[in-house]
Amino acid sequence: MTSRPLTVGFDLDMTLIDSRPGIRACYLALSERTGTYIDADLAVTRLGPPLQDELVNWFPAERVEAVADLYRTMYPDFAVAATPALTGAREAVGAVRRAGGRSIVVTAKHEPNARLHLEHLAIGPDAVVGGLWAEQKAEALRAHGAQVYVGDHVGDVRGARAAGALSVAVATGPCAEEELRAAGADVVLADLTEFPNWFSDWAHAFSAENSRADSYPASPRA
């Protein structure tokens, strides 16, 4: 039996980055461009689900896809520079690296724009997968063999559980701690500043479990 590589997945918006200022700016610019009112302050209180889920509140259904494409093309100019890293984000990704593990970002955000954020903020995961929401995230988590997925939304909890990964939730997004626990999160942290200490203990136990598994004799062939 071969040891499983240690891999941790992270959500992006409101987990690693505070995307509210940038997304707010982009929605205001989109509203001006299209002549359609968007309550940007309200929209940024419910980040997490796909862009189309928000746009349908402001545009007719037949226009949503075209407006989503326009938003994505405008996004780099309005959202990237305005978006800071959340406190503890770099340290959380660094904690995985120091333990010899891999970190991946799995997000509902348009992948090229997700990569722009990570490059701008010098957060360097080993892989980035965009365009996946809730249970869809399990596809990427399973493909990369992630044992842990960290997110701020009940949709992230569902994605982790669908992948058979440990769900670590941070209460930095629109979902309160009680809501995250009720959704089935295995661990709830106030924010990512708590992640390195928790992860150090968990990674030690994970390594010990893998070492014991490697010591088991192979099953005899029939």
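The values are calculated or read from the model by the stated rules, or taken from the named source; none is laboratory data. Owing to the predicted nature of the structure, the values given are computational and were not obtained by experimental measurement. Reconstructed Cβ throughout: ideal geometry from the backbone, glycine too, with neighbour counts over all protein chains shown. Heads up: the accessible areas ignore ligands, DNA and RNA and are worked out on the full protein's heavy atoms, side chains in. Shrake-Rupley method; radii C 1.70, N 1.55, O 1.52, S 1.80 Å.
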### Verdict on T172 being within 18 Å of D18 (Cβ to Cβ), open to solvent by less than 20 Å² (accessible area, probe 1.4 Å) and among the hydroxyl-bearing types (S, T, Y)
no
### Query
(1) within 21 Å of P49 (Cβ to Cβ); (2) open to solvent by 10 Å² or more (accessible area, probe 1.4 Å); (3) in a helix (DSSP H, G or I); (4) in contact with a Leu (Cβ under 6 Å, 6 or more places away or on another chain): which one isn't true of D69, the others all being true?
(4)
### Query
Can you name the condition, by its number, that E54 falls short on among (1) free of Cβ contacts under 8 Å to residues at least 12 places away in the same chain; (2) surrounded by fewer than 19 Cβ atoms within 10 Å (Cβ to Cβ); (3) not basic (K, R)?
(2)
### Query
Going by the structure shown, is L47 under 18 Å from G173 (Cβ atoms) and in a loop (DSSP other than H, G, I, E, B)?
yes
### Message
Looking at the structure I just gave you, is L189 open to solvent by less than 60 Å² (accessible area, probe 1.4 Å) and free of Cβ contacts under 8 Å to residues at least 24 places away in the same chain?
### Response
yes
### Query
Is it the case that some residue within segment 55-78 is in contact with a helix residue (DSSP H, G or I) (Cβ under 7 Å, 6 or more places away or on another chain), modelled with pLDDT of 95 or more and within 16 Å of D152 (Cβ to Cβ)?
no
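Being over 18 Å from P5 (Cα atoms), of a type outside the set (A, V, I, L, M) and in contact (Cβ under 8 Å) with a residue 40 or more places away in the chain narrows it down to one residue among D69, D152; which is it?
Step by step, each of D69, D152 is checked, and only D152 is over 18 Å from P5 (Cα atoms), of a type outside the set (A, V, I, L, M) and in contact (Cβ under 8 Å) with a residue 40 or more places away in the chain.
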### Message
Where the second residue is hydroxyl-bearing (S, T, Y) and not in a loop (DSSP other than H, G, I, E, B) and the first is within 17 Å of P196 (Cα to Cα) and open to solvent by less than 10 Å² (accessible area, probe 1.4 Å) and lies in segment 2-25, which pairs have Cβ atoms under 7 Å and are six or more apart or on separate chains?
### Response
V8/S103; G9/Y149; F10/S103
#### Entry: Hits in segment 79-95 - residues which are buried (at least 21 other Cβ atoms within 10 Å of the Cβ) and out of contact with any helix residue (DSSP H, G or I) (no Cβ under 8 Å at 6 or more places or on another chain)
V93
### Message
Give me the residue from segment 96-129 that is within 18 Å of D77 (Cβ to Cβ) and under 11 Å from the mean Cα position of the chain (by Cα) and, out of that set, surrounded by the most Cβ atoms within 10 Å (Cβ to Cβ).
### Response
K109
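Consider segment 1-43. How many of its residues are assigned to a loop (DSSP other than H, G, I, E, B), more than 19 Å from L86 (Cα to Cα) and not aliphatic (A, V, I, L, M)?
Step one: filter segment 1-43 for residues assigned to a loop (DSSP other than H, G, I, E, B), giving 1-6, 11-12, 14-16, 18-19, 35-39.
The next check asks that each one be more than 19 Å from L86 (Cα to Cα); those that pass are 1-6, 35-39.
With the extra rule that they be not aliphatic (A, V, I, L, M), the set shrinks to 2-5, 35-37, 39.
Qualifying residue count for the region: 8.
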